[in-house]
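Here the structure comes first, spelled out in structure tokens, and everything after it is commentary.
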Amino acid sequence: MPSSVPSLPRRFARTLRTSLFAQVAFALVLGVAVGRLWPDVGTAAQPLGDGFVRLIKAVIAPLVFCVVVVGITKAGDLKAFGRIGLKALIWFEVATTFALLIGLLAGNLVQPGVGMNVDPAKLDAAAVDEKTGGGSLPSTSEFVLHALPDSAVGAFAENSLLQVLVLACLVGAAVLHLGHTRVPKILPATEQAQDVVFAIVGFVMKLAPLAVFGATAHLVGQYGIGVMSTYGKLIGVCYASALLFLLLLAVALKAVSGVSLWKFVRYTREEMLLALGTASSETVMPRMMQKLRQAGCRDDAVGLVLPTGYSFNLDGASIYLSIGTLFIAQAVGVDLSLGQQVTVVLVLMLTSKGMAGVPGSAFLALSATASALGVIPVGAVALLLGVDRIMDSMRVATNLLGNCVAVFAVSRWEGALDMDRVKKVLDGEIAFVPEEAEPGPETSGDAPQTGRPTAPHA
């Protein structure tokens, strides 16, 4: 007798049980439905998303520390690590500037704010202060000083990634200087701590569908669908500009490293959907580090470039800020000259570097830009309060992909990318295995290829 084919409901249930992508996608659809039909219930579901983000943030600092220390120690070359950092900063600056210019070009061509004829005096400027908590973006000197830890414990307690990176670089350099004979237990202990952190990430990731449901239901329940009609033109130009930037980024990645961005998106589709659902790229940083390492990027490159990009390479935010500045100016009837638009780029190039981790940072950056121009009422920034949350998906996806592209590009530039493994992983010949579930050394050699390389590849 021919074997019976499982019914559609059974196949759906099995896929939902075994696939994180299916679980997150289902939670996303369910969150939209609940937020639309029962807004109060959707708004009340916010703690599900916030709790998940808090749990992930709790392990990011120790994970970054372990990966960087292990990467430096195994690479055995501190000069190479310095070159990777310098090349990453160059790539970040070029990419961010390019994103700002694309935003300005799109804002000038489409002019999303023209015809609104808004009177700034009627806007509630106090709402911006409430959104930002009365804070301010750090100056360049404050930003540099804040990147230097004044307490080893404080760097981890405050979850300051740049400070943790500095500490990790110092520890890695010290281990290299002392040598394995004088500190033989440091590297194995750090690797074991790294394994523990990845295991914790695996536990927390099982809650991802709940987080996506809560965050999506809250978004739709609180803001509704009506905001799409009011700010439709602005939303459309921002998302279209981000898509154009990513297409150009894909061409650059292919030219520099030979890696297909589309194949990488398919490889990381679960993480991308989770980042979009929770509106936070931090929630997927640990898994992205795993996937980049298993895809052939050397540990030291992943450990330095990806976390640094979270502070220095905010491509999606740059697109939004440049378009948002033009939108505000057009809405209140201010025609910015070419010189003033150059000022916009210069100011945003500086302010965007200090945005990470600052509440209401987008509004602080926009307010700083309006003050620098002197022709846009600072209170007009309140125009974007109603649409800012809708832009999160664009910012998160673009920021995240921009940082991952930087890892591949810098790794290839430095010779820290195993191209054979990249091809096999992205083509599906080598399956991704979460590191907390990787088979031990006793596993049979007949098993399919999984996991990441046991040693760095140049």
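The values are calculated or read from the model by the stated rules, or taken from the named source; none is laboratory data. Computed from a predicted structure; not experimentally measured. Every residue, glycine among them, receives a Cβ derived from its backbone with ideal geometry; neighbour counts consider all protein chains shown. The accessibility values were calculated without ligands, DNA or RNA, using every heavy atom of the protein model including side chains. Shrake-Rupley method; radii C 1.70, N 1.55, O 1.52, S 1.80 Å.
Dipole of the chain computed with +1 at Lys/Arg Cβ and -1 at Asp/Glu Cβ about the Cα centre; of Leu366, Met349, Leu426, farthest Cα towards the positive end is Leu426. To the nearest 10, the accessible area of Ile72 is 0 Å² with a 1.4 Å probe. Modelled spin-label separation between Val29 and Gln222, with each label point placed 7 Å from Cα along the Cα-to-Cβ direction: 2.6 nm.
From the Cα gyration tensor of segment 13-69, with a ≥ b ≥ c the square roots of its eigenvalues, which class applies: rounded if a/c is under 1.5, or else prolate if a/b is larger than b/c, or else oblate?
oblate
In segment 3-82, taking the dipole from charged Cβ atoms about the Cα centre, the farthest positive-side position among Gly76, Leu63, Ser19 is held by Ser19. Each residue was assigned an accessible area with a 1.4 Å probe, and for Val302 the value is about 0 Å².
Computed from backbone phi, the HN-Hα couplings of segment 51-59 come to x, 5, 4, 5, 5, 5, 4, 5, 9 Hz, rounded to whole numbers (Karplus: 6.51 cos²θ - 1.76 cosθ + 1.60, θ = phi - 60°; Gly and Pro given as x).
Extension gain, Phe203 to Leu176: 0.36 nm times the residue separation minus the Cα-Cα distance gives 6.4 nm. Cross-link partners for Lys79 among the lysines, with Cα-Cα distance under 19 Å and sequence neighbours closer than 8 places in the same chain left out: Lys87. Once you reduce segment 62-85 and segment 185-211 to the center of their Cα atoms, the two points are 19 Å from each other. Counting only residues at least eight positions apart within a chain, or on another chain, the lysines with an alpha carbon under 23 Å from that of Lys57 are Lys131, Lys206, Lys291, Lys353. With a ≥ b ≥ c the root eigenvalues of the C-alpha gyration tensor of segment 148-211, is it rounded (a/c under 1.5), prolate (a/b larger than b/c) or oblate? Since a/c reaches 1.5 but b/c is at least a/b, the shape of segment 148-211 is classed as oblate.
Here the peptides 45-56, 29-40, 331-342 are ranked by packing, the mean other Cβ count within 10 Å, and the order with the highest first is 45-56, 29-40, 331-342.
Taking a straight line from the alpha carbon of Lys185, these lysines sit under 21 Å away, with near neighbours fewer than eight places off in the same chain left out: Lys74. Taking a ≥ b ≥ c as the square roots of the eigenvalues of the Cα gyration tensor, an a/c ratio of 1.5 or more together with a/b larger than b/c marks segment 160-276 as prolate. Solvent-accessible area of Phe203, all protein chains in place: 140 Å² (probe radius 1.4 Å, heavy atoms, ligands and nucleic acids excluded).
How big is the dipole moment of the chain about its Cα centre under a simple scheme where the beta carbon of each Lys and Arg is +1, that of each Asp and Glu is -1, and everything else is neutral? Debye, nearest 20, please.
Roughly 940 debye for the chain.
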